[in-house]
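What follows is a single structure, written as structure tokens, with notes after it.
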Amino acid sequence: MPTISLPDGKQQQHAKAVSVLTIAEAIGAGLARAALAGKVNGQLVDLSYEITDDAEVMIITDRDPAGLEIIRHSTAHLMAHAVKRLYPAAQVTIGPVIDNGFYYDFAYEPAFIPDDLAKIEAEMAKLAKADLPVQRKLMTRAEAIDFFRQQGEEYKVKIIEDIPEQETLSFYSQGDFTDLCRGPHVPSTGKLKAFKLMKVAGAYWRGDPNNEMLQRIYGTAWADKKSLKQYLHRLEEAEKRDHRKIAKAQDLFHFQEEAPGMAFWHDNGWVLYQVIQQYLREQLRKDGYQEVRTPQIADKSLWEKSGHIAMFSEEMFITESENHIFAVKPMNCPLHIQIFKHSLRSYRDLPLRISEFGSCHRNEISGALHGLMRVRNFVQDDAHIFCTEDQVQAEAAKFIRLLQRVYRDFGFDDIIVKLSTRPDKRIGDDALWDKAEQALAAALDHTQLPWEEMPGEGAFYGPKIDFSLRDCLDRVWQCGTLQLDYSLPERLGAHFIAENGDKQVPVMLHRAIFGSFERFIGVLIEHYGGFFPVWLAPCQAVIMNITDNQADYAKKIAEKLKNLGVRVRLDLRNEKIGYKIREQTLKRVPYQLIIGDKEVAAETMAVRTQGGQDLGAMAFDDFYTLLTKAIAQKGRQGNE
């Protein structure tokens, strides 16, 4: 006679085993119609799952994140079903859920084309409209191998053969299609209402380049058509905002085959880069950081001691000179410890904050490179704080406050914070982990930032906090991090003299705000669509004359602005003013200053914004006041 405890505190009593669907029906007919699955004692299950003992039960609908994942997983099966109906010779392999959608890999020749995707999507719609029941069943390993072999699904046979013999195998069937899956799934195909197939790409079987090439079809699925429409609109906007396209239009940077994954920064882009770097340098100086510079390469032995060769050797560039093997640094941490070790340190020197805009190299595979978002050469806004255990909480809180200020200045107010705690495989005793986790949690609470705990996701040497930004298209970018490290300082022989005269190993906090300049600039470009706040714009104002008669006055204005530190450009070409305005608008210059005979006579300028707003005639001092206020505002919203 199971007792069912519900999230609102209410309970249900049942005389015998009860299904999740029956529990939903007992709550209300509306919930039963909306139900997709259940969560029983924290475990996701199908609606048909029967409960025999007392349990805590939650009904999952499409309003729950878990419900959306179930929809996407079920839609992947729906796509595979449609492919098998249209192309019976296609073999079904693996089809997981991914961010915002799903994919499925198929072994099939010839190659799928866009017209095929339209046919598959139409067939999926038919199967969904048919509202086919989705049923779970179990098979033994031998039964499953025999079943799929008879179906000609040799890839499924290979997958099953790699599953341990003692593991229970579950399968889901809808109509004439059956697939291997742990589930759970929606109760019927009619629950799948909003989906679209996006593209087809090549993918090696099991990700191994030595294996055969398969065809991967990507799709997206949502709870309703409105959500799907909004997502597709965001994709269109993201395409328009692609940082590589904007970089070409604004002459910021480029990439080329001779240096894959390494940016060539043009003048405009380098101005943007330097503005950001100088801004952050000033913020770090105010917060008590020492800026350092460390070598680009170091002997392999250092990286062996630090553990990087064992962990990251495939991602490191190696070079050799005079019988010495060197590694190009993939990160700065071991080199910062060398600076710490170079002097005899006392507890009075702590906390010691060391920062570096360190150029790092990682040998990313060429297929993963993506503009500034994934590169081989990048500059970290890297810093390490050496402190005592008693100082960890205060230093963590201080860093988080700095990070919040910086993100706000760039226009990011929505910060997603996650605290990753001890993994199963770790070093250090539980008492040490308790202290470290409590210190980081207390630091987060002190800053009043909402945060989520990620159990078991910490580094092997300590817990960490990750900071992600949500951009204007609702995309999430993980940028900042704060990692607590007890291992590396000890491994590399760092110590300080404690108050009692003993040698002690410092705690090391790894921290970054941007992660890398390259990726952060890519995020900024796409977030603003190239319409940078005035303080970031490579060119803050452009001065345009209507005829040659105003050229001297325009030059005079430009010189005054330059002397005041304004990034200004002259456009004195013999072109119609309408043409010049359109061109400078496309270049997204914040202010356009137009000079005609009337402006020369009155010693003013006609001012337009990059959004097309006509601010009318303004005297030089009035415009400069307007400009300096806009610069001071940075990217902050409203009147902060």
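The values are calculated or read from the model by the stated rules, or taken from the named source; none is laboratory data. Just so we're clear, the structure is a prediction, and the values are computed from it rather than from any experiment. In this analysis, Cβ positions are derived from the backbone assuming ideal geometry, glycine residues included, and neighbour counts consider all displayed protein chains.
Starting from residues that are small (Gly, Ala, Ser) and more than 30 Å from LYS229 (Cα to Cα), keep the ones in the range 150-195 and report whichever is surrounded by the most Cβ atoms within 10 Å (Cβ to Cβ).
So, considering only residues that are small (Gly, Ala, Ser) and more than 30 Å from LYS229 (Cα to Cα), the one surrounded by the most Cβ atoms within 10 Å (Cβ to Cβ) is SER170.
Taking ASP224 as the residue in question, decide whether it is in the same structural domain as GLN380 (by TED's automatic domain parsing) and in contact with a Lys or Arg (Cβ under 8 Å, 6 or more places away or on another chain).
No, not satisfied.
Say we look at the range 578-610 and pick out the residues that are of a type in the set (Gly, Ala, Ser) and free of Cβ contacts under 8 Å to residues at least 40 places away in the same chain; which of these is farthest from TRP535 (Cα to Cα)?
ALA601
Search the range 359-373 for residues being crowded, with 19+ Cβ neighbours inside 10 Å and in contact with a helix residue (DSSP H, G or I) (Cβ under 8 Å, 6 or more places away or on another chain), and hand back the single one that is farthest from THR481 (Cα to Cα).
GLY371
Listed here are the residues, each with its yes/no results for (1) surrounded by 21 or more Cβ atoms within 10 Å (Cβ to Cβ); (2) of a type in the set (D, E, K, R); (3) outside the structural domain of GLY288 (by TED's automatic domain parsing).
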{"site": "VAL392", "(1), (2), (3)": "yes, no, no"}
{"site": "ALA396", "(1), (2), (3)": "yes, no, no"}
{"site": "ARG422", "(1), (2), (3)": "yes, yes, no"}
{"site": "LYS425", "(1), (2), (3)": "no, yes, no"}
{"site": "LYS435", "(1), (2), (3)": "no, yes, no"}
{"site": "GLN438", "(1), (2), (3)": "no, no, no"}
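State all residues of the range 202-237 that are surrounded by fewer than 16 Cβ atoms within 10 Å (Cβ to Cβ) and assigned to a strand (DSSP E or B); if no residue qualifies, say none.
Listed by number, the residues that qualify are GLY202, TYR204, MET213.
All but one of (1) surrounded by 13 or more Cβ atoms within 10 Å (Cβ to Cβ); (2) within 30 Å of CYS539 (Cβ to Cβ) hold for LYS240; state the number of the condition that does not hold.
That leaves (1) as the condition not met.
Here are MET331, MET311: which of them is part of a helix (DSSP H, G or I), within 26 Å of HIS495 (Cα to Cα) and within 25 Å of the chain's Cα centre (by Cα)?
Of MET331, MET311, the one residue that is part of a helix (DSSP H, G or I), within 26 Å of HIS495 (Cα to Cα) and within 25 Å of the chain's Cα centre (by Cα) is MET311.
Looking at (1) surrounded by fewer than 18 Cβ atoms within 10 Å (Cβ to Cβ); (2) under 29 Å from VAL328 (Cα atoms); (3) in contact (Cβ under 8 Å) with a residue 12 or more places away in the chain; (4) within 21 Å of the chain's Cα centre (by Cα), which is the only condition ARG376 fails?
Every condition holds for ARG376 apart from (1).
Of all residues in the range 142-166, which are among the small types (Gly, Ala, Ser) and under 35 Å from the mean Cα position of the chain (by Cα)?
None - no residue of the range 142-166 is among the small types (Gly, Ala, Ser) and under 35 Å from the mean Cα position of the chain (by Cα), so the list stays empty.
Give the residues of the range 555-595 that are part of a helix (DSSP H, G or I) and in contact with a helix residue (DSSP H, G or I) (Cβ under 9 Å, 6 or more places away or on another chain), sorted by residue number.
Across the range 555-595, the qualifying residues are ILE557, LYS560, LEU561, LEU586.
Give me a count of the residues in the range 66-89 that are within 17 Å of ASP176 (Cβ to Cβ), of a type in the set (A, V, I, L, M, F, W, C) and surrounded by 20 or more Cβ atoms within 10 Å (Cβ to Cβ).
Residues flagged as within 17 Å of ASP176 (Cβ to Cβ), of a type in the set (A, V, I, L, M, F, W, C) and surrounded by 20 or more Cβ atoms within 10 Å (Cβ to Cβ) within the range 66-89 amount to 5.
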